[in-house]
1. Can you find a residue that is touching a Phe, Trp or Tyr at 6+ places or on another chain (Cβ under 9 Å) and assigned to a strand (DSSP E or B) anywhere in the stretch 18-31?
2. Name the single residue, out of those in the stretch 71-85 being among the charged types (D, E, K, R) and in a helix (DSSP H, G or I), that is surrounded by the fewest Cβ atoms within 10 Å (Cβ to Cβ).
3. Would you check which residues across the stretch 27-39 are within 21 Å of the chain's Cα centre (by Cα) and surrounded by 11 or more Cβ atoms within 10 Å (Cβ to Cβ) and list them?
4. Taking the residues in the stretch 110-130 that are at negative phi and in contact with an Asp or Glu (Cβ under 8 Å, 6 or more places away or on another chain) as candidates, determine which candidate is modelled with the lowest pLDDT.
5. I'd like the full set of residues that are out of contact with any helix residue (DSSP H, G or I) (no Cβ under 6 Å at 6 or more places or on another chain), within 22 Å of GLU120 (Cα to Cα) and not acidic (Asp, Glu), limited to the stretch 2-20.
6. Based on this model, can you work out whether LYS62 counts as at pLDDT below 90 and open to solvent by 70 Å² or more (accessible area, probe 1.4 Å)?
7. When the residues of the stretch 2-17 are filtered to those that are part of a helix (DSSP H, G or I) and free of Cβ contacts under 8 Å to residues at least 40 places away in the same chain, which remaining residue is nearest to the chain's Cα centre (by Cα)?
8. Being within 14 Å of ALA54 (Cβ to Cβ), open to solvent by 10 Å² or more (accessible area, probe 1.4 Å) and in a helix (DSSP H, G or I) is the requirement here; does GLU111 meet it?
Amino acid sequence: MDIKKFQLVTRTELLRDSGEVFDKLLRGRAALIEKHRKPQAVLLDIYDFYGLRAAAAFEVNKFDLTPGDLDQVIENSEDEAEAYLQVIGHYLAEEIGLSRAADLLDVPQEELSARFQRLEIPIRVGEGDG
């Protein structure tokens, strides 16, 4: 994520203008919370967080599922974060493509593509969508 695209917010502004900060957050503009001009925290849309978590876990975790097993896992999963971890992990492993990932996560492909662009996750269309 390009830190220049973050909305810069002081802790005081966050308290005073939280509605505005969250509206921007939900439109894909993460917030960098500062105190005395030093970064203190970051606020992210929950799905951006799930994406980052999956991207980070990709290098560490080995996924024992085949792409065909994903349907069953996602359908039976009550944990949205785990569903994102599995789907984006398989996407990063190039086992499924963007269209298939969007279908499994039940989000429009354009929305998932925009999210991946924000998170600097490579966009691959048409690969592994079988």
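The values are calculated or read from the model by the stated rules, or taken from the named source; none is laboratory data. Predicted model only: the values in this text are computed from it and were never measured. Here Cβ is always computed from backbone atoms with ideal geometry, including for glycine, and neighbour counts include all displayed protein chains. Accessible surface is based on the protein model in full, side chains and every heavy atom, while ligands, DNA and RNA are left aside. Shrake-Rupley method; radii C 1.70, N 1.55, O 1.52, S 1.80 Å.
1. Yes, that holds for at least one residue.
2. Of everything passing the filter in the stretch 71-85, GLU75 is surrounded by the fewest Cβ atoms within 10 Å (Cβ to Cβ).
3. GLY28, ARG29, ALA30, ALA31, LEU32, ILE33
4. The selected residue is GLU127.
5. Once the filter is applied, which keeps residues that are out of contact with any helix residue (DSSP H, G or I) (no Cβ under 6 Å at 6 or more places or on another chain), within 22 Å of GLU120 (Cα to Cα) and not acidic (Asp, Glu), the stretch 2-20 yields ILE3, LYS4, LYS5, PHE6, LEU8.
6. Values: at pLDDT below 90: yes; open to solvent by 70 Å² or more (accessible area, probe 1.4 Å): yes.
Criteria met by LYS62.
7. Among those that are part of a helix (DSSP H, G or I) and free of Cβ contacts under 8 Å to residues at least 40 places away in the same chain, it is ILE3.
8. No: the conditions fail for GLU111.
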